[in-house]
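For reference, the structure discussed in these notes is given below.
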Amino acid sequence: MTMALIELRDVTKTYKRDAIEIPVLESVTISVPEGDYLGLMGPSGSGKSTLLNLLAGIDRPTGGSIRIGDTEISTLSERALAAWRARHIGFIFQLYNLIPVLTAFENVELPLLLTSLSKKQRREHVMTALNIVSLADRAAHYPRQLSGGQEQRVAIARAIVTDPTLLLADEPTGDLDAKSAGEVLTLLQRLNTEYKKTIVMVTHDPHAAERATHLLHLEKGTLVEQVGA
Amino acid sequence: MKFVGLVFKSARRNLRRTMLTVFSVAIAVFLFAALRAVLDGFHAAAEASSSTRIVTIRSTSMIFSMPSTHAEIVRGLPGVRDVTWASWFGGIYKDPKNFFGQFAIEPESYLRMFPEIVLTPEQKAAFLEDRTGCIVGDGLVKQFGWKLGDKIVLKVGIPIYGREDFPFTIRGIYKAGSNAVDNQTMLFHWKYADERSVRPGEVGWLVSEIANPDQAPQIADAIDRKFENTPYETKTDTEKAFQSSFASMFGNLDLLLGSIAIAVVVTTLFVAGNTMAMSVRERTTEIAVMRTLGYPSHIIFFLIAGEGLLMSLVGGVLGASLARVLVTPSTFGGNSFMPPFGVSGRNVVIGVLLSALIGVAAGLIPATMASRLKIVDALRRAA
């Protein structure tokens with residue numbers, strides 16, 4: 001049996017707006033094995049992005065526990081959490097979120113600046129990541145010189161350059177045309193099958209969901225259905 | 001060091017805004033350095049004053065004169081080694097805008113007591129022999145293109161010297177041996193002016209050389225007591241105090257120029273701070289993305305604060321360098337009643353340090369805001 005990489009136990013999340021408490025996630029329990037490609041689906045406001053943020057360690061649960069690998073991340077300090085994210089998480093945003101004043105190379109290098117790698121080693125890592133996303137020839141290009149699909153592939157290179165434990169993608173094809181979306185989904189699938197990356201992807205898109213090996217459906221903060229892909 | 005590249009890249013994000021901020025800091029530092037140079041110029045003469053010279057003026061004001069016979073009375077007092085005198089002439093060379101100091105002096109004793117007026121023996125002798133001769137500082141020579149033997153004419157500026165012009169021959173060109181002496185003045189025989197004065201035998205002030213600087217207060221007191229209850233009561237003080245009172249004729253310069261400098265710096269601080277805050281607001285998403293990638297708060301803080309520091313330092317170095325090059329004794333010292341002044345290396349360093357201070361202060365609040373940003377809230381705002 002494959003060991004679970006992600007273990008969520010009774011995770012709840014409540015936001016406070018003025019005096020009103022809004023429950024977003026209610027007692028969510030999930031176990032994701034290493035090497036899985038999990039799709040998170042659900043209508044807007046169902047809590048899927050919140051769940052992804054909790055897994056990324058950029059938000060904290062109101063209750064319950066989140067273990068990723070050997071680390072119980074809900075108890076880590078802000079500083080330890082940042083260091084943990086740098087080492088274990090690769091995050092892919094819907095709007096790519098590349099830094100406009102940095103080239104593709106520099107954007108991909110950004111997470112590596114936090115490591116002790118030498119300049120030469122960083123260059124090797126960056127070029128490897130750009131080769132995987134087939135954009136080595138665009139290393140010197142700025143985001144404004146790239147298409148949406150290319151920008152997202154650079155963002156994926158940035159997410160994988162540190163060889164993270166877990167790849168998290170928040171609607172990675174939400175802002176792309178069908179062709180570019182297909183390329184990005186194929187790339188993610190390759191990262192899962194060829195490079196054995198564990199991926200959790202939030203999506204609205206049924207075509208994107210088809211690529212996942214498992215699907216979870218969230219509705220009003222509750223896990224309502226578990227569908228094998 | 002590897003993050004320095006990020007700071008530079010970020011500063012170039014909105015080049016126009018960055019340049020405007022850099023220029024505003026540069027102007028502030030330029031003004032600061034220039035104003036400090038003016039103050040230094042006024043203080044330099046006082047600081048370089050001789051401790052063995054004391055100056056006697058009329059107790060009412062230095063613009064009133066006293067009999068030259070006071071000099072002989074002072075010479076006889078214990079502790080006084082030598083005495084000389086001078087008067088303000090206030091003539092006009094061609095045009096009132098060609099302003100420079102002209103002093104009618106008792107030449108032998110004056111040159112004896114002011115060794116800082118450096119003349120060749122030949123020029124000194126030529127000056128002493130010629131009743132209508134004058135000596136001029138090399139600063140004035142540079143300004144007006146004069147040379148030895150030139151004839152110059154001064155129009156009378158103060159009516160007590162009559163209406164006729166005063167012709168002079170340049171017999172010497174002196175160098176200032178210290179800041180106690182201005183190299184942009186003209187000195188000539190007191191007798192020449194006195195001959196035409198409607199109040200002959202009167203002088204502007206006396207300068208006494210004393211044997212022991214420690215006795216200056218007692219000797220000054222003795223001089224003033226000597227002329228108590230006469231029509232020409234006096235006030236005697238050290239040369240340093242006299243030089244300072246000269247500067248104070250313009251008002252409280254320290255306060256005035258200091259206030260202007262502070263106002264400029266504080267205004268620039270707000271400008272730079274606002275620019276940094278705007279820049280951080282525009283980059284909320286980017287900062288959130290960097291935090292998501294694992295950048296800890298303190299690195300975000302230093303990246304933003306570093307950007308403010310970089311802009312300010314570039315502006316500071318630019319402003320201080322320009323001040324050093326442009327504000328020199330030759331560019332500003334000549335045409336006004338101001339001491340020759342230039343921006344010293346010390347003021348350049350202070351200016352650059354000040355710009356660093358502006359940078360740190362301006363970046364402090366935006367950097368704190370950025371480092372405390374809640375990642376999820378920032379990403380939600382961008383979505």
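The values are calculated or read from the model by the stated rules, or taken from the named source; none is laboratory data. Small disclaimer: the values here were computed from a predicted structure and weren't measured. When we count neighbours, we look across all protein chains shown, and the Cβ atoms used for this are built from the backbone with ideal geometry, even at glycine.
Among the criteria (1) surrounded by fewer than 22 Cβ atoms within 10 Å (Cβ to Cβ); (2) among the hydrophobic types (A, V, I, L, M, F, W, C); (3) farther than 15 Å from A:S46 by Cβ, the one A:I199 does not fulfil is (1). When the residues of region A:5-18 are filtered to those that are more than 14 Å from A:L55 (Cα to Cα), assigned to a strand (DSSP E or B) and of a type outside the set (F, W, Y), the one that is modelled with the lowest pLDDT is A:R17. Pairs meeting the criteria (first residue in region B:226-239 and of a type in the set (D, E), second residue part of a loop (DSSP other than H, G, I, E, B) and surrounded by 18 or more Cβ atoms within 10 Å (Cβ to Cβ), beta carbons under 6 Å, at least 6 apart or on different chains) are B:E233/B:F227; B:E239/B:S49; B:E239/B:S50. Of the residues B:T275, B:T285, the single one that is within 14 Å of another protein chain (Cβ to nearest Cβ) and among the β-branched types (V, I, T) is B:T285. If the condition is being among the hydrophobic types (A, V, I, L, M, F, W, C) and more than 12 Å from A:I58 (Cα to Cα), then region A:84-111 contributes A:I92, A:F93, A:L95, A:L98, A:I99, A:V101, A:L102, A:A104, A:F105, A:V108, A:L110.
For region B:1-55, a residue qualifies if it is touching a strand residue (DSSP E or B) at 6+ places or on another chain (Cβ under 8 Å), at pLDDT 90 or above and not hydrophobic (A, V, I, L, M, F, W, C), and exactly one does: B:R53.
Scan region B:366-381 for residues that are closer than 12 Å to B:R281 by Cβ and in a helix (DSSP H, G or I) and the total you get is 5. Counting the residues of region A:121-137 that are of a type in the set (D, E, K, R) and under 13 Å from A:R158 (Cβ atoms) gives 1.
Within region A:55-62, the presence of at least one residue that is charged (D, E, K, R) and facing another protein chain (nearest Cβ under 10 Å) is confirmed.
The condition of being surrounded by fewer than 21 Cβ atoms within 10 Å (Cβ to Cβ) and β-branched (V, I, T) does not hold for B:I105.
Tally time: how many residues in region B:108-139 are basic (K, R) and assigned to a loop (DSSP other than H, G, I, E, B)?
Matching residues across region B:108-139 total 1.
Take region A:79-94 and flag every residue that is surrounded by fewer than 19 Cβ atoms within 10 Å (Cβ to Cβ), at the interface with chain B (Cβ under 7 Å from one of its Cβ atoms) and of a type outside the set (K, R). Answer for region A:79-94, where residues must be surrounded by fewer than 19 Cβ atoms within 10 Å (Cβ to Cβ), at the interface with chain B (Cβ under 7 Å from one of its Cβ atoms) and of a type outside the set (K, R): just A:A83. If you go through region B:70-86 and pick out every residue that is within 8 Å of B:V207 (Cα to Cα) and touching a Lys or Arg at 6+ places or on another chain (Cβ under 7 Å), you end up with 1.
The residues on offer are B:L303, B:L357, B:L293, B:L326, and the sole one that is away from every other protein chain (no Cβ under 14 Å) and at pLDDT 90 or above is B:L357. For A:R85, the conditions (1) closer than 20 Å to A:L218 by Cα; (2) in contact with a Gly (Cβ under 8 Å, 6 or more places away or on another chain); (3) among the charged types (D, E, K, R) all hold with the exception of (1).
Considering region A:96-112, the residues that are of a type in the set (A, V, I, L, M) and more than 7 Å from chain B (Cβ to nearest Cβ) include one that is nearest to B:V4 (Cα to Cα), namely A:L112. For region A:113-147, filtering for residues that are touching a helix residue (DSSP H, G or I) at 6+ places or on another chain (Cβ under 9 Å) and at the interface with chain B (Cβ under 9 Å from one of its Cβ atoms) leaves 3. Among residues of region B:1-17 that are within 7 Å of chain A (Cβ to nearest Cβ), those with a beta-carbon under 9 Å from a residue that is among the polar types (S, T, N, Q) at least six positions away or on a different chain give the pairs B:S10/B:S279; B:R12/B:T18; B:R13/B:S279. Across region B:156-178, the number of residues qualifying as more than 27 Å from the chain's Cα centre (by Cα), crowded, with 16+ Cβ neighbours inside 10 Å and part of a strand (DSSP E or B) comes to 5. For region B:11-47, the tally of residues that are assigned to a helix (DSSP H, G or I) and under 30 Å from B:V280 (Cα atoms) stands at 19.
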